[in-house]
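Colleague: To start, I am sharing the structure in question, which I have written as structure tokens.
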Amino acid sequence: MLQILDSTLREGEQTPGVYFDKHIKLAIAKMLDDIGVDIIETGHPSVTQEIHDSVQIIAHNNFKAIVGAHARSLKDDVQLALNCGVDFIGIFYCVSDDRLNTVFKKDLAEAIIQITDVIKFAKSQNPDIIIRYTPEDTVRSEFSNVVAVSIAAVEAGADIISVADTTGYMIPGTDRSMFDYISKLKYELNSRGLNPKIAVHCHNDRGFALANALDAYRAGAEIIDASVLGLGERAGIVDLAQIMMVLTADFGLNNWKLDKLDELYQFVSSHSGVPIPGNYPIIGKHAFTHCAGVHTHAAAINPTHYESLDPQLLGKERTFSLDHMSGIASIKYALSFIGETKLSPELQLEVLAQVKNIGQKGKVVELTELPHIVHFIKQNYKHKQKSK
Ligand SMILES: [Zn+2]
């Protein structure tokens, strides 16, 4: 059963300039819980007292979701997370030869001892705690190192191994395929009788985060990390609404309340200062807006002519934009919304001309403006009739 881990409060706060106050963090966590997110990653308690306090408060809110915290592979970090009362701790430690040699000054065996000691410590303090171990930058680390540390971590008690594409390096369909990577890692673990859950953390540096996450899912990953607006380091990670929508619409899952996503996105956007582009998939203002005349004409007959996702899944309606691209079909359709079904073809053309005129100035005619255009055109028509 696939689980979605939302990391808006942890990874998302690593977006330059983004900071959520404690009460905003709690409000975001509540919205995520209402949507049905399976795991909420709330932060790294050792970073600041403020983060520690918000992790603690969220952990004590009796959410349906599993509440998690981040920790380095250090007993102090883990103890702090345990003290917060979380259900889940994500421990990370990179095991690439390069990082071991230049940063940690340890060999692989020493690193494995440190990692497994910390995992055993966490489990000894709370046997029910769910432990995820992440070999940071997994996909660019030596595969044999990843296999060795994963085996040791699971034997020490880790429940989840997370494959991190920390730099957004993977490309679907190439020799850097996430599908192949997850398949190989699962084989190595399963063939030794080890069956941890496999999680995946995909960064979006090349714009492939969502595609790589789906590749991982197809290969058997059971947890996908995401965040609202894809917030995170650099180009961020998988976008929460996009992964939920695709899994629902295309992969037959039905786990989440998608109609609550819009409110969450508006809230996070306003409190992060990160705007939602109009053409942003799923959530953008224009994500379900038809514009060109031929599109509107076809979509008004049958929406699937120019849509492959149903806006009703999100509790939204498709809309039609009136501007210089509009055709007479768009105008007739829009007129029907404002009760002007009896306007003569001649006046409909005048409305179209005026809409195109406004559109050429780079503006869009909203439905609320349309009655005023119609009123003007009707008055102008009467005036011309009188003066004949
Ligand atoms: Zn990350």
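Taken together, the values in this text are just the output of simple stated rules run on the coordinates, not laboratory data. Quick caveat, the model's predicted, so the values are computed rather than measured. Using ideal geometry, Cβ is built from the backbone for each residue, glycine included, and neighbour counts are taken over all protein chains shown.
Colleague: Using 18 Å as the Cα-Cα cut-off, could you pick out the over-long pairs in LYS75/LYS197; LYS30/LYS260; LYS64/LYS123?
Modeller: Values: LYS75/LYS197 23 Å; LYS30/LYS260 11 Å; LYS64/LYS123 22 Å.
Too far apart for the 18 Å limit: LYS75/LYS197; LYS64/LYS123.
Colleague: Can you sort HIS297, HIS290 from fewest to most other Cβ atoms within 10 Å of each residue's own Cβ?
Modeller: With the fewest neighbours first, HIS297, HIS290 line up as HIS297, HIS290.
Colleague: Right, another one. Once you treat every alpha carbon in the range 289-387 as an equal point and sum by Debye, what is log10 I(q)/I(0) at q = 0.10, 0.12, 0.19, 0.23 Å⁻¹?
Modeller: -0.29, -0.40, -0.90, -1.21
Colleague: Now, a different point. Towards the positive end of the charge dipole of the range 3-272, with charges on Cβ (+1 Lys, Arg; -1 Asp, Glu), say which of ILE39, GLY173, ILE161 has the farthest Cα.
Modeller: About the Cα centre, the residue reaching furthest to the positive side is ILE161.
Colleague: Within a 10 angstrom radius of the beta carbon, how do THR248, THR8, THR102 rank from fewest other beta carbons to most?
Modeller: Details: THR248 18, THR8 31, THR102 9.
In increasing order of surrounding Cβ atoms, one gets THR102, THR248, THR8.
Colleague: Full-extension gain between GLU263 and GLN360, please, as 0.36 nm times their residue separation minus the C-alpha to C-alpha distance. Write down the numbers at each step before the final one.
Modeller: Details: separation 97, 0.36 × 97 = 34.92 nm, distance 3.25 nm.
Taking GLU263 through GLN360 to full extension adds about 31.7 nm, to one decimal.
Colleague: Length gain on complete extension for the stretch VAL47 to LEU367, per 0.36 nm per residue less the alpha carbon to alpha carbon distance? Mind dumping the intermediate values first?
Modeller: Values: separation 320, 0.36 × 320 = 115.20 nm, distance 4.93 nm.
That pair, VAL47 and LEU367, stretches by 110.3 nm at full extension.
Colleague: Which peptide among 273-282, 157-166 comes first, and what is the full order, when sorted by highest mean count of other Cβ atoms within 10 Å?
Modeller: Working: 273-282: 14.5, 157-166: 22.4.
Ranking the peptides 273-282, 157-166 by packing returns 157-166, 273-282.
Colleague: Which lysines have a Cα less than 26 Å from the Cα of LYS332, not counting those fewer than 8 places away in the same chain?
Modeller: LYS285, LYS316, LYS342, LYS356, LYS361, LYS363, LYS378, LYS382, LYS384
Colleague: Also, quick follow-up: Relative to the compact-globule scaling 2.2 N^0.38 Å, provide the ratio for the alpha-carbon radius of gyration of the range 3-272. Could you put the intermediate results ahead of the total?
Modeller: On the way: Rg = 17.4 Å, N = 270, 2.2 N^0.38 = 18.5 Å.
In units of the 2.2 N^0.38 Å rule of thumb, it is 0.94.
Colleague: Further, regarding this structure: For a footprinting-style exposure proxy, rank ILE358, ILE51, ILE58 by other Cβ within 10 Å, fewest first. Could you put the intermediate results ahead of the total?
Modeller: Working: ILE358 17, ILE51 23, ILE58 28.
Listed from fewest to most nearby Cβ atoms, that is ILE358, ILE51, ILE58.
Colleague: Using unit Cβ charges (K, R positive; D, E negative) and no other charged atoms, how large, in debye to the nearest 20, is the dipole of the range 12-88 about its Cα centre? Show your work: numbers first, answer last.
Modeller: On the way: 6 positive and 11 negative charges, 12 e Å.
I would put it at about 60 debye.
Colleague: Starting from 0.36 nm per residue, how many nanometres of slack lie between ASP310 and LYS384 once their C-alpha separation is accounted for?
Modeller: Values: separation 74, 0.36 × 74 = 26.64 nm, distance 4.56 nm.
Here the segment from ASP310 to LYS384 would lengthen by 22.1 nm.
Colleague: A follow-up question, please. Of ALA152, LEU210, VAL238, which is farthest on the positive side of the dipole of the range 150-250, counting Cα position, with +1 on Lys and Arg Cβ, -1 on Asp and Glu Cβ, and the Cα centre as origin?
Modeller: ALA152
Colleague: Near the amide H of VAL163, under 5 Å away, which other amide H atoms are found, from residues 5 or more places off or on another chain, if H is placed in the peptide plane?
Modeller: Counting only residues 5 or more places away or on other chains, the set is ALA199, VAL200, HIS201.
Colleague: Within the range 266-304, list the residues whose amide N lies under 17 Å from a label point set 7 Å along Cα→Cβ of THR341.
Modeller: Under cut-off, by backbone N: 300-301.
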